[in-house]
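Engineer: Below is a structure I'd like to ask you about.
The values are calculated or read from the model by the stated rules, or taken from the named source; none is laboratory data. As the structure is a prediction and not an experimental result, all values here were calculated from the model. Here the Cβ positions follow ideal geometry from the backbone for every residue, glycine too, while neighbour counts run over all protein chains shown. The area values use the complete protein model at the heavy-atom level, side chains included, leaving out ligands, DNA and RNA. Shrake-Rupley method; radii C 1.70, N 1.55, O 1.52, S 1.80 Å.
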Amino acid sequence: MKIRRFFATDMRQALRQVRESLGADAVILSNKSVEGGVELVAAVDYDESAFTGTQSSAAEAPVRPIPRTIHARQPQPQPRRLDESVPAAAKAQRPETELRPTVSAAPENPRVEWSQDPVLREMRREMQALRRMMENELSELTWRDLGQRRPQTQELMRRLIALGLDAAHCRELAYRVEDAETPEQAWRKSLFHLISELPILKEDLLDQGGILALVGPTGVGKTTTIAKLAAKFCLRHGNRHLALLSTDSYRIGAQEQLLNYGRILDVPVRSASNAEELNNALHAFADKRLVLIDTAGMGQRDLLLSERLALMTAGNHPIKTLLTLSATTQRSALSHAIRSFSTARPVASVITKLDEAAELGGLFSGLIEARLPLAYVADGQRVPEDIHVARATSLVNLAIEMHDSADNRPDEDYLAMAFGSTSDHAHV
């Protein structure tokens, strides 16, 4: 174990010295204030290869027999041979074991794996627990230090994360508006940057026409969204140029639901369960300006997901896919769904259930991270009133309204853990 002491004017400088000298795996053993700054005592783990190499060489060394007498240094008279003093008859009757010296084989010394030693493993667990405890303490110190030196930046981070944005995204927005003169100006400038970063599809896909297939996880409302888009298209261009197609052969009643929408709108509806049937149906609808395809909802971990998504690209007809996501989905599940359905190469996304969501920041961060444009948003069950072309300004304003109506401030401990990481604030 290597232990070193560091002196610096503040905690930030001391932590930088520790990271530069001992690396990211260093453990803080103690810290205290001294005259002119702070003192840190840090350590890193031992060099395990040195222990292993030493033990291996010792274990693999040949075992030498220990002589019976070690005090005789002078030349000794040569002993007589056994056959000179023992008669031939007695030597013949003597057991063979008495004539041959017994040499016991040394037991093989097994190699010791020091990394699996119970004591060392327990020590490693204790040091990891100590490291986590010190990281928590240092995170709180860093968060409080940021509030003392830059209270405006800290308050802006607090307001941004209350919208549900990722911590890294909040930090980036806050640092981009550090030149703001007042907290309100910083808030408005950060919202302006958020609006400009949110990817929005500029074209209306209904006016472009073509073949649109809605894909997405189970239960996000693909069939209802198909009905809303179909009704909106009929109001603009009439029902003679529209056709509906269903490839959902898994969910009970899925095709019957689409058939009911087709009867209400007076548009043709067909179903397909394989690539050949899909090509035949699309060939029959070749004269239609817009064909909407309803697909089966599949979980991100479903083994048949790639097979069902490959159906959209198996034919000769160009199919555009829209990834349908729910605004109520957790941030991690949202990113997982975007990655899982990326094989379908969606041109844009449709967000449903805005009226049921409590916050939209996680949705914003997920779309910005994936660079997935947003085409439509749905905020109710009414057909076709509750589907709209996506507008970044309207969505950000809606996120602010959700936050103001909930009036929930994030916990300070959570903020310290999110923004107080020493590695993230090493440059502050």
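Engineer: Kindly evaluate Ser405 against the criterion of being farther than 17 Å from Ile161 by Cβ, free of Cβ contacts under 8 Å to residues at least 12 places away in the same chain and surrounded by fewer than 22 Cβ atoms within 10 Å (Cβ to Cβ).
Structural biologist: Details: farther than 17 Å from Ile161 by Cβ: yes; free of Cβ contacts under 8 Å to residues at least 12 places away in the same chain: yes; surrounded by fewer than 22 Cβ atoms within 10 Å (Cβ to Cβ): yes.
Answer is yes for this residue.
Engineer: Being open to solvent by 10 Å² or more (accessible area, probe 1.4 Å), under 14 Å from Arg382 (Cβ atoms) and touching a strand residue (DSSP E or B) at 6+ places or on another chain (Cβ under 8 Å) is the filter here; which residues of the stretch 211-236 pass it?
Structural biologist: Gly221, Thr224, Lys232
Quick grid of which residues meet (1) out of contact with any Pro (no Cβ under 7 Å at 6 or more places or on another chain); (2) touching a residue at least 40 places away in the same chain (Cβ under 8 Å); (3) part of a loop (DSSP other than H, G, I, E, B):
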| site | (1), (2), (3) |
| --- | --- |
| Leu311 | yes, yes, no |
| Asn316 | yes, no, yes |
| Ala337 | no, yes, no |
| Asp355 | yes, no, no |
| Gly366 | yes, no, no |
| Leu372 | no, yes, yes |
| Gly380 | yes, no, yes |
| Glu385 | yes, no, yes |
| His388 | yes, no, no |
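Engineer: Just for the stretch 5-31: of the residues that are part of a strand (DSSP E or B) and at pLDDT below 85, which one is farthest from Arg131 (Cα to Cα)? Spell out how you get there, then give the answer.
Structural biologist: First, the residues of the stretch 5-31 that are part of a strand (DSSP E or B): 5-8, 27-31.
Next, only the ones that are at pLDDT below 85 stay: 27-31.
Numbers: Val27: 6, Ile28: 7, Leu29: 9, Ser30: 11, Asn31: 13 Å.
Going through the qualifying residues, I end up with Asn31.
Engineer: A further question on this structure: Select from the stretch 169-187 the residues that are surrounded by 13 or more Cβ atoms within 10 Å (Cβ to Cβ), assigned to a helix (DSSP H, G or I) and over 28 Å from the mean Cα position of the chain (by Cα) and list them in ascending order.
Structural biologist: Scanning the stretch 169-187 gives Pro183, Gln185, Ala186, Trp187.
Engineer: What about Leu265, is it more than 30 Å from Leu173 (Cα to Cα), surrounded by fewer than 22 Cβ atoms within 10 Å (Cβ to Cβ), touching a Cys at 6+ places or on another chain (Cβ under 8 Å) and not charged (D, E, K, R)?
Structural biologist: On the way: more than 30 Å from Leu173 (Cα to Cα): yes; surrounded by fewer than 22 Cβ atoms within 10 Å (Cβ to Cβ): yes; touching a Cys at 6+ places or on another chain (Cβ under 8 Å): yes; not charged (D, E, K, R): yes.
Considered against the rule, which asks whether it is more than 30 Å from Leu173 (Cα to Cα), surrounded by fewer than 22 Cβ atoms within 10 Å (Cβ to Cβ), touching a Cys at 6+ places or on another chain (Cβ under 8 Å) and not charged (D, E, K, R), Leu265 comes out as yes.
Engineer: So which residues in the stretch 279-310 are touching a strand residue (DSSP E or B) at 6+ places or on another chain (Cβ under 8 Å) and either basic (Lys, Arg) or modelled with pLDDT of 85 or more (or both), if there are any at all?
Structural biologist: Ala281, Leu282, Ala284, Phe285, Lys288, Arg289, Leu290, Val291, Leu292, Ile293, Asp294, Thr295
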